[in-house]
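S.K.: For reference, the structure I am asking about is given below.
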Amino acid sequence: MSKVSVFGLGYVGLANALLLGQHEDVMAYDIVSEKINMLKSGKSPLEDVEIIDFLENKKATVAYTTDFEQAVHHGDYLFIATPTDYDEKVNKFNTKTIETVIRQALAIKPDATFIIKSTIPVGYIERIKKEFDTDNIVFSPEFLREGKALYDNLYPSRIVVGEVSERGQEIADLLEKGAHKNDIPVLLTNGTEAEAIKLFSNTYLALRVSYFNELDTYAELKGLNAKQIIEGVGLDPRIGTHYNNPSFGYGGYCLPKDTKQLKANYTDVPENIISAIVDANTTRKDFIANQIIDRRPKVVGIYRLTMKANSDNFRYSSIQGVMKRIKAKGIEVVIYEPSLKETEFFHSKVIKDFEVFKQISDVIVTNRVEDALEDVKAKLYTRDLFGRD
């Protein structure tokens, strides 16, 4: 058994801790004591079916701690999965949390191997190795969905490790050993190429979302049946029927920040498409908001801030951008979001009683339709054509 420590227990960190905890000696660290206490008692702080199942049925053995020094001493492999939000002022990811872990851990255990799972800019690994004067930093990108994080680690599309070496293969073996899927493509690359794989993958997904959203915008304005068009386009096997359900725009924690970071990386490189992907998301939210405003509602009800079913995360969800545009026109916005404990969200009232919410809303806006809205179909505004994703 390898000794592994994981730092940061969001979707990425916790999914990796549980994946590795099936076969390795794992200790997981987070600064939030409430989260650690929940995990120690077998409860998940995240809405993720597989994570909940693993914790309840003890399918992995992981020790949880808020003691940083203890976690560093424990692991030979130190996985870093701390948040790297995009800083609009400087046009790049804020990687301070990663550097804090590395700096403090090197002072305790200078021979540790760091595996970064957080998303980082292209060229970051080479810079950080020089800054800390160590070659023991490796990037291994994550390709997971919020709400399906552990599932996507158990059944990965591929495993990428940014080091072409025996150590790189050892890291890949750790991740592959915990997976429940056979014949997983494993790719060892240079560190900078691994960084690029992550950003280009997510930007392509954002491109696909934007493409079908713009198709849907065209169909709605021209009075056409968008669903029929999308089904016909998708039957081309080169295009396919996946990732094609229109929405209010791409959102969540990854796609908005990853597309902006890739655009920033193109500062001295000719491009048209990357900027268009970022701009298209703004245009889509403008269009959606205008369609709702044109109905002249007095009260607009927002049904769920989350992007999709089986998720409790609404960081950077596209519906928030739509809300801001509606409120800017002086229209009252109320919210129904069961995961919110607060009575207000960005100065909009949170309605706890679902029946009251439905009654007072002139238009109910939802990114994805659920059965609970069946009796208020006449009030709904959505672009969910396929009832999924």
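S.K.: For the subset of region 227-250 comprising residues that are of a type in the set (Gly, Ala, Ser) and touching a Ser or Thr at 6+ places or on another chain (Cβ under 9 Å), which member is farthest from THR203 (Cα to Cα)?
M.R.: Step one: of region 227-250, the residues of a type in the set (Gly, Ala, Ser) are 232, 234, 240, 247, 249.
This time we only want the ones that are touching a Ser or Thr at 6+ places or on another chain (Cβ under 9 Å), so: 234, 247, 249.
Numbers: GLY234: 20, SER247: 16, GLY249: 13 Å.
Across region 227-250, the extreme among qualifying residues is GLY234.
Condition check ((1) of a type in the set (Asp, Glu); (2) over 23 Å from the mean Cα position of the chain (by Cα)) across all residues:
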| site | (1), (2) |
| --- | --- |
| SER5 | no, no |
| VAL12 | no, no |
| GLU24 | yes, yes |
| ALA28 | no, no |
| MET38 | no, no |
| ASP48 | yes, no |
| ASP53 | yes, no |
| LYS59 | no, yes |
| VAL62 | no, yes |
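S.K.: When you go through ILE335, ILE292 one by one, which is the residue that is open to solvent by less than 10 Å² (accessible area, probe 1.4 Å) and within 18 Å of PRO246 (Cβ to Cβ)?
M.R.: ILE292
S.K.: Report those strands (runs of 3 or more DSSP E) wholly inside region 330-389 carrying at least 2 residues which are not hydrophobic (A, V, I, L, M, F, W, C).
M.R.: Where strands (runs of 3 or more DSSP E) fall fully within region 330-389 and carry at least 2 residues being not hydrophobic (A, V, I, L, M, F, W, C), they are 332-336, 348-350.
S.K.: Looking only at region 190-219, which residues are open to solvent by less than 50 Å² (accessible area, probe 1.4 Å), charged (D, E, K, R) and more than 22 Å from the chain's Cα centre (by Cα)?
M.R.: ASP216
S.K.: Evaluate region 273-287: report whether one residue or more is under 25 Å from ASP87 (Cα atoms), small (Gly, Ala, Ser) and in a loop (DSSP other than H, G, I, E, B).
M.R.: Residues of region 273-287 under 25 Å from ASP87 (Cα atoms): 273-286.
Checking which are small (Gly, Ala, Ser) leaves us with 275-276, 280.
Remaining after also requiring in a loop (DSSP other than H, G, I, E, B): none.
No, region 273-287 contains no residue that is under 25 Å from ASP87 (Cα atoms), small (Gly, Ala, Ser) and in a loop (DSSP other than H, G, I, E, B).
S.K.: Turning to a different aspect of this structure: Residue under question is LEU187, and the condition is that it be within 24 Å of the chain's Cα centre (by Cα), surrounded by 14 or more Cβ atoms within 10 Å (Cβ to Cβ) and within 19 Å of VAL4 (Cα to Cα); does it hold?
M.R.: Against the criterion (within 24 Å of the chain's Cα centre (by Cα), surrounded by 14 or more Cβ atoms within 10 Å (Cβ to Cβ) and within 19 Å of VAL4 (Cα to Cα)), LEU187 does not qualify.
S.K.: Looking at region 53-64, is at least one residue in contact with a Phe, Trp or Tyr (Cβ under 6 Å, 6 or more places away or on another chain), at pLDDT 95 or above and open to solvent by less than 50 Å² (accessible area, probe 1.4 Å)?
M.R.: Checked region 53-64: no residue is in contact with a Phe, Trp or Tyr (Cβ under 6 Å, 6 or more places away or on another chain), at pLDDT 95 or above and open to solvent by less than 50 Å² (accessible area, probe 1.4 Å).
S.K.: Which count do you get for residues in region 85-104 that are in contact (Cβ under 8 Å) with a residue 60 or more places away in the chain and closer than 22 Å to LEU174 by Cβ?
M.R.: Of the residues in region 85-104, 1 are in contact (Cβ under 8 Å) with a residue 60 or more places away in the chain and closer than 22 Å to LEU174 by Cβ.
S.K.: Mind checking which residues of region 126-151 are within 22 Å of TYR11 (Cα to Cα) and either open to solvent by 20 Å² or more (accessible area, probe 1.4 Å) or among the aliphatic types (A, V, I, L, M) (or both)?
M.R.: Residues satisfying the conditions are ILE137, VAL138, PHE143, LEU144, ARG145, GLU146, LYS148, ALA149, LEU150, TYR151.
S.K.: Condition first: among the β-branched types (Val, Ile, Thr) and closer than 16 Å to ASP384 by Cβ. Now tell me which residues in region 226-243 satisfy that.
M.R.: Result: ILE229, ILE230, THR241.
S.K.: Which residues, taken from region 249-272, are in contact with a helix residue (DSSP H, G or I) (Cβ under 9 Å, 6 or more places away or on another chain), at pLDDT below 95 and part of a loop (DSSP other than H, G, I, E, B)?
M.R.: GLY249, TYR250, GLY251, GLY252, TYR253, CYS254, TYR266
The values are calculated or read from the model by the stated rules, or taken from the named source; none is laboratory data. Keep in mind the model is a prediction, meaning the values are calculated, not measured. Methodologically, a virtual Cβ is constructed for each residue, glycine included, from the backbone with ideal geometry; neighbour enumeration extends over all protein chains shown. Heads up: the accessible areas ignore ligands, DNA and RNA and are worked out on the full protein's heavy atoms, side chains in. Shrake-Rupley method; radii C 1.70, N 1.55, O 1.52, S 1.80 Å.
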